[in-house]
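A short write-up of the structure that comes next.
The values are calculated or read from the model by the stated rules, or taken from the named source; none is laboratory data. These numbers come from a predicted model, not from an experiment. Cβ atoms come from the backbone with ideal geometry, glycine included; neighbour counts cover every protein chain shown.
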Amino acid sequence: MLRDDLTHRLQSAVERLKGSVIADTDYSVEFTEPKNPAHGDFATAFALTNSKTTGAPPPLVARALAEALQADSTFTSASAVSPGFVNVTLSDAYLAEWTVRSHRRGEALALSETDRPLKVLVEFVSANPNGPIHVGHGRGAAYGDSLARLLEATGHKVSREFYANDGTNSLQMQLFALSVRSRYRELVGLPPDFPEGGYAGDYIGQIAEEIRAARGDLHGEDGLEFWQPIAQDMMTHWQRRDLEAMHVVFDTWISEQSLHDSGKVAECMERLKQSGVIYEEDGALWLASSKFGDDKDRIVVRSNGQPTYIASDIAYHKDKFDRGWEHLINVWGADHHGYIARASAAIQALGYPKDALEILVMQLVRFLQGNEVVPMSKRSGDMVTLRELMEDVGPDVARFFYLMRSHDTHMDFDLDLAREHSEKNPVYYIQYAHARICSLLEKAKEAGFVADETCASDLADPAERDLIKKVCDLPFEVRRSAQLREVHRMTTYAIELARTYHNFYEKCRVLAPENPERTRARLLLCELTRSALRATFSILGISAPEKM
């Protein structure tokens with residue numbers, strides 16, 4: 001990628017200074033974009049960030065480094081600026097070369113390779129199968145899936161997993177099934193038998209109606225062992241349907257109950273016993289999790305012999321490793337923050353390294369309309385569902401808005417802005433850039449013009465240069481976003497890329513029959529930008545419309 005090539009050239013210039021201007025040791029080098037574009041294309045603060053090890057004053061190092069960089073034909077200028085910065089301007093020929101290289105990669109432009117590719121399992125959403133996916137789940141769904149796409153783009157083998165807390169002994173799952181059964185009985189003319197503490201949401205009746213439509217008359221089927229699996233299966237179908245509508249598709253759906261049925265929970269507890277990290281006290285089994293950083297030990301099997309949720313959770317993480325995954329990423333809601341220490345302690349107790357499990361916590365999202373906070377629960381007590389949000393603003397907008405802020409900060413979802421069908425809406429703005437390019441390329445084709453890589457050297461206008469740099473930065477942004485787990489960086493990049501293209505479109509006439517070479521060069525840049533937008537949209541999980 002362009003950034004890697006520039007870093008290599010910077011490193012070579014630093015090497016030439018070792019032993020004369022600076023000490024002969026290892027240094028970190030990096031080019032960044034200057035805050036003021038008038039200062040150049042890129043800048044480095046090498047002399048300042050390494051001032052403790054160079055053995056020379058930063059201004060002196062900066063001047064020497066600028067001279068070394070100036071000797072490279074890649075740079076038309078390299079100037080030292082107090083107190084120790086070096087600003088560089090790239091040559092038109094160098095940018096033309098990278099335009100062609102990037103154009104040949106097409107939508108693969110976003111891809112890069114990691115030094116250490118891993119088998120990564122990303123578990124996210126994992127909502128209980130007793131209710132629909134609601135708007136609170138939506139943020140984690142969008143984030144988890146786009147994070148997986150980023151990791152795939154940087155060379156990792158990735159799988160997406162949904163873990164259903166569906167233990168048959170779970171009171172909430174039993175109440176859910178009994179509530180559905182009661183509503184079903186009403187539908188078929190039988191007296192209801194609504195359980196104490198049951199679920200009264202509207203969706204219970206809808207589930208009952210769908211079961212009746214699918215299964216017909218179920219008179220005589222009153223047992224919990226009958227109703228719990230069919231009610232759960234229908235809710236899982238709802239959850240899968242709504243997530244897929246937002247382009248979130250899981251590779252595997254794992255059942256908590258299956259871990260008990262297969263004996264994996266009991267097997268895991270026995271292993272921990274043998275390793276000496278489980279002990280018995282007051283008839284219960286305890287995990288000595290405090291030895292591994294937890295604030296206290298945890299009960300894993302109650303005195304009545306019933307395993308706790310922690311027991312199945314430990315077995316689940318062991319199962320992930322047993323299936324060959326090397327690195328586990330759990331995307332949890334803010335309400336699970338207190339579980340981090342015990343989860344980390346559990347995998348260490350199993351003998352796995354602490355850093356093999358990475359837990360990312362999603363902060364809360366609130367919805368605004370007219371600067372007022374909109375309650376996300378209805379009078380019935382139901383939460384507003386993700387499906388209802390998508391029906392309101394569309395799946396692309398819902399997903400993009402969820403991704404616009406760092407996952408570890410609280411976010412405001414502006415419903416008024418999300419409903420806008422104008423350039424005020426960032427999703428409309430970036431998708432319009434793609435549609436504008438598609439329309440332009442179609443007109444060019446009708447006029448007999450096609451992109452030509454041999455004309456890349458004609459791209460020298462400042463607006464063209466800005467667009468080339470922004471497009472060629474895509475693989476760098478993808479890699480950095482993946483490394484930092486900062487998916488929101490990609491929404492910022494998408495907006496900046498669209499803005500840079502719109503600026504180019506306004507300032508540089510693309511279809512100019514009187515100058516066919518320039519026309520073909522600018523069409524080349526348009527095709528390159530379209531590929532970059534499509535690749536970016538793919539990572540963000542939104543569509544790339546050709547017409548708007």
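Rundown of residues vs (1) under 30 Å from M390 (Cβ atoms); (2) under 31 Å from the mean Cα position of the chain (by Cα), yes/no style:
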position: F42; (1), (2): no, yes
position: S73; (1), (2): no, no
position: S79; (1), (2): no, no
position: S146; (1), (2): yes, yes
Do you know which residues across region 310-357 are crowded, with 20+ Cβ neighbours inside 10 Å, among the aliphatic types (A, V, I, L, M) and in contact (Cβ under 8 Å) with a residue 60 or more places away in the chain?
L328, I329, V331, A349
So is A435 closer than 17 Å to S531 by Cβ, of a type in the set (G, A, S), surrounded by fewer than 20 Cβ atoms within 10 Å (Cβ to Cβ) and in contact (Cβ under 8 Å) with a residue 24 or more places away in the chain or not?
yes
Would you point out which residue out of D251, D242 is among the acidic types (D, E) and more than 25 Å from K318 (Cα to Cα)?
D242
Given the residues V248, V277, which is the only one that is hydrophobic (A, V, I, L, M, F, W, C), more than 26 Å from G198 (Cα to Cα) and in contact with a Gly (Cβ under 8 Å, 6 or more places away or on another chain)?
V248
Residues that are surrounded by 13 or more Cβ atoms within 10 Å (Cβ to Cβ), closer than 16 Å to G394 by Cα and not hydrophobic (A, V, I, L, M, F, W, C), drawn from region 404-422:
D414, R419, E420
Meets criteria (at negative phi and in a loop (DSSP other than H, G, I, E, B)) for V450:
yes
Hey, among the residues in region 473-482 that are in contact (Cβ under 8 Å) with a residue 60 or more places away in the chain and surrounded by fewer than 22 Cβ atoms within 10 Å (Cβ to Cβ), which one's nearest to E358 (Cα to Cα)?
F476
Can you pull out every residue in region 393-432 that is assigned to a loop (DSSP other than H, G, I, E, B) and of a type in the set (G, A, S)?
G394, S406, S422
Give me the residue from region 70-79 that is closer than 14 Å to L10 by Cβ and not aromatic (F, W, Y) and, out of that set, surrounded by the fewest Cβ atoms within 10 Å (Cβ to Cβ).
A71
Just for region 527-548: of the residues that are surrounded by fewer than 21 Cβ atoms within 10 Å (Cβ to Cβ) and hydrophobic (A, V, I, L, M, F, W, C), which one is farthest from R509 (Cα to Cα)?
A544
In region 147-183, anything part of a strand (DSSP E or B) and aliphatic (A, V, I, L, M) is listed as V158, A164
Test for E506: is it in a helix (DSSP H, G or I), surrounded by fewer than 19 Cβ atoms within 10 Å (Cβ to Cβ) and either at pLDDT 95 or above or of a type outside the set (V, I, T) (or both)
yes
When K378 is run through (1) among the charged types (D, E, K, R); (2) surrounded by fewer than 21 Cβ atoms within 10 Å (Cβ to Cβ); (3) at pLDDT 95 or above, the failure sits at (3)
Would you be able to say whether some residue in region 470-491 is assigned to a loop (DSSP other than H, G, I, E, B), in contact with a helix residue (DSSP H, G or I) (Cβ under 8 Å, 6 or more places away or on another chain) and of a type in the set (A, V, I, L, M)?
yes
